Amino acid sequence: MRPVRTILILSLAALGVAGAAEAAKVNIRAVMHERHEGMESVGKAFKALRREFDSSSPNAATVRASANQIATLANRSSGWFPKGSGPEAGKTGAKPEIWRNWPDFVAKERAFQKSAQAFRSAAATGDMNAAKARFADLGGTCKACHDKYRAEMHH
Amino acid sequence: MPRQVPGGDAPLSGRPPTQPVWDLPVRLVHWLLAGLIGFSWWSIENHHTDWHMWSGFAILTLLVFRLLWGFVGSSTARFAGFVRGPRAVAGYLRGGWSGIGHNPLGALSVIALLAAVAVQVGLGLIAEDEDGLYTGPLYRLVSIDTSDQARDLHEAWFNVILALIALHVAAILFYRLRGKRLTKPMITGRALLDPEAEPMRPGKWWVALLSLAAALAFTRWLVAGAPPFGT
């Protein structure tokens, strides 16, 4: 019967829309998870580097490996802040100010990426003094963004 | 009307005579500790991590000084003079204590507060902030995970200190309601004491200066990473 077919098509369309929305929600959650894990990895690498640089003779290979890791993650971070991945989507340290001040946030993100790349280059040369200086700059870019755009997250 | 001749060290104004009970080092440590604990809390709440750390180092210095003074200071400062066992505490509660300075129950409070603050300082010495931008001077003695855990514990432990401070203030108020003023003596160092009780034996000022110098030197050494251990 005609009305039944109409109802069937409309129901399938509604399910399709709902499914797409659900998929988008799942995607946001996946990005947020990758963001959280990624930032934790950056932090862990940073802390390991801190200990390495404070030791009497920093190991150049260890420093290089950690610097590479941070630079790789920094480059990936551009995709970690899609619209809708703030506190409205769930538990996160990302403050809504990120999307309210998007140009400023992106500028700080670029600064982080540039600094990570400079640090990786310095680490590749094996010159620990140069690497140490770039490492200090890198910490500055972390702080500049976090002070403004990260909320406390108690696990 | 004949002018009243004052007895003892009573001033002409006619106020009852007070006796020394708390020496200057004890009073300075008490109030500086209170102020620095407050400042430590305020500074980290407002993200001044560097000020927070220096406040912690100052507290460490005070704790070490107080520990030393507890062995070589005035009679009311010495731990041997007021730290007693549970029987003495029970005896005090039954009304059977005579003395000046900390009573056996108050002694528990002193030890608990000093110990709790010492734990807090200890945790801070090995902690690092969430990003690894700020580290306690002894952070390299432990692993990254331990430093991170120490930070979380350091944050939670403040609630223990707050509870002990609340208890301490409540106790002072409780004594005040029963007619015993305790705050003013901790400021002026003098109180109305039982004239039969043994008076306070003051400490020596040069011993106090030496103790302070030792405390400062110890803190300096720790802040430098406790070489050769932390480096």
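The values are calculated or read from the model by the stated rules, or taken from the named source; none is laboratory data. Here the structure is a predicted model, which means the values were calculated and not measured. Note that we place each Cβ from the backbone using ideal geometry, even for glycine, and neighbour counts take in every protein chain shown. Note: accessible area is taken over every heavy atom of the protein model, side chains too, but ligands, DNA and RNA are not part of it. Shrake-Rupley method; radii C 1.70, N 1.55, O 1.52, S 1.80 Å.
Heavy-atom accessible surface, probe 1.4 Å, ligands and DNA/RNA ignored: which residues of segment A:118-150 lose at least 30 Å² versus the isolated chain?
A:K143, A:R150
Tell me the volume per residue, in Å³, of the convex hull enclosing the alpha carbons of chain A. All intermediate terms of the calculation are to be shown ahead of the outcome.
Values: hull volume 20.8 nm³, N = 155.
Enclosed volume per residue, from the Cα hull, is 134 Å³.
Provide a list, ordered by number, of residues in segment B:144-168 showing at least 40 Å² less accessible area with every protein chain present than when their chain is taken on its own, using a 1.4 Å probe.
Listed by number, the residues meeting the 40 Å² cut-off are B:I144.
Run down the aspartates and glutamates and flag those whose C-alpha is under 16 Å from the C-alpha of A:K148, throwing out any fewer than 8 positions away in its chain.
Within the straight-line cut-off, A:K148 pairs with A:E97, A:D104, A:E109, B:E45, B:E130, B:D131.
Roll a 1.4 angstrom probe over the protein heavy atoms and tell me the percent of accessible area of segment B:78-182 that is carbon or sulfur. Show your work: numbers first, answer last.
Numbers: 3800 of 5920 Å².
On segment B:78-182, the fraction of accessible area on carbon and sulfur atoms equals 64 percent.
Roughly how big is the A-B contact, given as buried accessible area in Å² (both sides, 1.4 Å probe, nearest 100)?
Approximately 1500 Å² gets buried when A meets B.
Enumerate the amide H contacts of B:S74 below 5 Å, restricted to partners 5 or more residues apart or on another chain; note that Pro and chain-start residues carry no placed amide H.
Residues meeting the criterion, in which the H sits 1.01 Å from N, are B:G203.
Search the structure for amide H atoms under 5 Å from the amide H of B:A191, placed 1.01 Å from N in the peptide plane, and list their residues when 5 or more places away or on another chain.
B:Q19, B:V21
Which three lengths, in whole Å and largest first, does segment A:72-115 cover when its Cα atoms are put on their principal axes?
Taking the Cα atoms of segment A:72-115, the three principal extents are 30, 20, 14 Å.
Jot down the per residue volume, in cubic angstrom and as a whole number, of the convex hull over the alpha-carbon atoms of the protein assembly as shown. The partial results should precede the final answer.
Numbers: hull volume 103.1 nm³, N = 386.
Spread over its residues, the Cα hull of the protein assembly as shown gives 267 Å³ apiece.
For segment B:140-231, take every pair of Cα atoms, bin their distances at 10 Å starting from 0, and report each bin as a whole percent.
12, 19, 27, 25, 14, 3
Give the Debye-formula value of log10 I(q)/I(0) at each listed q (0.20 Å⁻¹), with one equal scatterer per alpha carbon of segment B:90-213, two decimals each.
Normalising to I(0) and taking log10 leaves -1.14.
Strictly over 25 Å apart at the Cα level, which of A:K83/A:K114; A:K83/A:K132; A:K47/A:K83; A:K44/A:K91 would you flag in this model?
A:K83/A:K132; A:K47/A:K83
Tell me, rounded to the nearest percent, the portion of alpha carbon pairs in segment B:1-150 spaced more than 28 Å apart.
Of all Cα-Cα pairs in segment B:1-150, 42 percent lie more than 28 Å apart.
What accessible area per residue comes out for the protein assembly as shown, rounded to a whole number of Å², with a 1.4 Å probe?
60 Å²
If the cut-off is 30 Å between C-alpha atoms, which lysines fall inside it for B:K204, apart from same-chain ones fewer than 8 positions away?
Hits, sequence-local ones excluded: B:K180, B:K184.
Please report, as a whole percent, how much of the solvent-accessible surface of segment A:1-81 comes from carbon and sulfur atoms (probe radius 1.4 Å).
62 percent
Provide the net charge surrounding B:L68, with neighbours chosen by a C-beta distance below 15 Å and charges set as Lys +1, Arg +1, Asp -1, Glu -1.
+2
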